[in-house]
Amino acid sequence: MRGSKDHYMQVRPFVLFKNHTCTPQDDEKMAKTGSYPSGHASFGWAAALILAEINPGRETDILKRGYDFGQSRVICGAHWQSDVDNGRLMGAAVVASLHSNPKFNMALNNAKEEFKQTI
């Protein structure tokens, strides 16, 4: 992710508009980094996809929360919508790739079984 951000070095909305984000304590550090793609959206969407697999009964709620996590970055001015959209795409690609990893699949199956025992 860092390589993409460094390569594109897209200016963040709050920097362009000389504004603040919802986390002004982080603005100075974020202003020096590129906004494309959104690492937060990538992580949030990937986590939501995996958690929805573990708890399919709450899939809709979990995916909505993962989606909203990315949208919060737009609302707060840290990212452009395209940063978040492409972050989600990267998160989905990572999860798809993980599904070809036997260790990941074993851990995922263990998590599903463990979760079933708690409900």
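Kindly evaluate Val94 against the criterion of being in contact with a helix residue (DSSP H, G or I) (Cβ under 9 Å, 6 or more places away or on another chain), part of a helix (DSSP H, G or I), farther than 19 Å from Pro13 by Cβ and at pLDDT 95 or above. Criteria met by Val94.
Among the residues of the stretch 10-30, are any more than 24 Å from Ala96 (Cβ to Cβ), among the basic types (Lys, Arg) and either at pLDDT below 95 or surrounded by 15 or more Cβ atoms within 10 Å (Cβ to Cβ) (or both)? Yes, the stretch 10-30 contains at least one residue that is more than 24 Å from Ala96 (Cβ to Cβ), among the basic types (Lys, Arg) and either at pLDDT below 95 or surrounded by 15 or more Cβ atoms within 10 Å (Cβ to Cβ) (or both).
Return only the number of the condition from (1) closer than 29 Å to Ala107 by Cβ; (2) surrounded by fewer than 13 Cβ atoms within 10 Å (Cβ to Cβ); (3) more than 13 Å from the chain's Cα centre (by Cα) that Ser4 does not satisfy. All conditions pass for Ser4, except number (2). A single entry from Gly57, Gly39, Gly44, Gly70 fulfils the requirement of being modelled with pLDDT of 95 or more, closer than 30 Å to Glu113 by Cα and surrounded by fewer than 15 Cβ atoms within 10 Å (Cβ to Cβ): Gly57. Within the set Phe115, Phe69, the sole residue that is more than 30 Å from Thr21 (Cβ to Cβ) and part of a helix (DSSP H, G or I) turns out to be Phe115. Within the stretch 73-89, the set of residues being assigned to a helix (DSSP H, G or I) and surrounded by fewer than 20 Cβ atoms within 10 Å (Cβ to Cβ) comprises Val74, Ile75, Gln81, Ser82, Asp85, Asn86, Leu89.
The values are calculated or read from the model by the stated rules, or taken from the named source; none is laboratory data. This structure is a prediction, so every number in the text was calculated from the model and none was measured. Because the Cβ atoms are built from the backbone with ideal geometry, glycine has one as well, and the counts that use them run over all protein chains shown.
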